[in-house]
Amino acid sequence: MAQFRNVVETIITGLLRKSGVPDNQLREQMKKTGRVMIIASVLMIVPLLVFDSLPLIVKILLQVSYAVLLCLGAMLAFDEKTHRDNSQS
């Protein structure tokens, strides 16, 4: 799991650098991106609640999108290292 998290953080860090975010703001911007991804994942559920007659493939895509955005957003939004450091002291 830690290796997957590192890959995700490397990809997001690369994208943020390309968009012009300074290195000293990368960690904070990564957390903001994670929070936005969590909110966007909730928006994937709304069509499932509002529309009754969606095709099965659309329902599956919305559910998979929800799961992916929520997992990636949680990885980015919450800093595991500082949480571990605080629990040890």
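The set of residues in region 7-30 being without any contact (Cβ under 8 Å) to a residue 24 or more places away in the chain and either open to solvent by 80 Å² or more (accessible area, probe 1.4 Å) or at positive phi (or both) consists of Thr10, Ile11, Leu15, Arg17, Lys18, Ser19, Gly20, Asp23, Asn24, Gln25, Glu28.
Just name the residue that is farthest from Val64 (Cα to Cα) out of those in region 12-53 that are of a type in the set (A, V, I, L, M, F, W, C) and under 12 Å from the mean Cα position of the chain (by Cα). Ranking the candidates gives Met30 first. Considering only residues in region 34-89 that are open to solvent by 80 Å² or more (accessible area, probe 1.4 Å) and among the aromatic types (Phe, Trp, Tyr), the one that is modelled with the lowest pLDDT turns out to be Phe78.
The values are calculated or read from the model by the stated rules, or taken from the named source; none is laboratory data. Because the structure is predicted, anything quoted here is derived from the model rather than measured. Cβ coordinates were reconstructed from backbone atoms using ideal geometry, including for glycine residues, and neighbour counts include every protein chain displayed. These area figures cover heavy atoms from the full protein model, side chains too; ligands, DNA and RNA do not enter into them. Shrake-Rupley method; radii C 1.70, N 1.55, O 1.52, S 1.80 Å.
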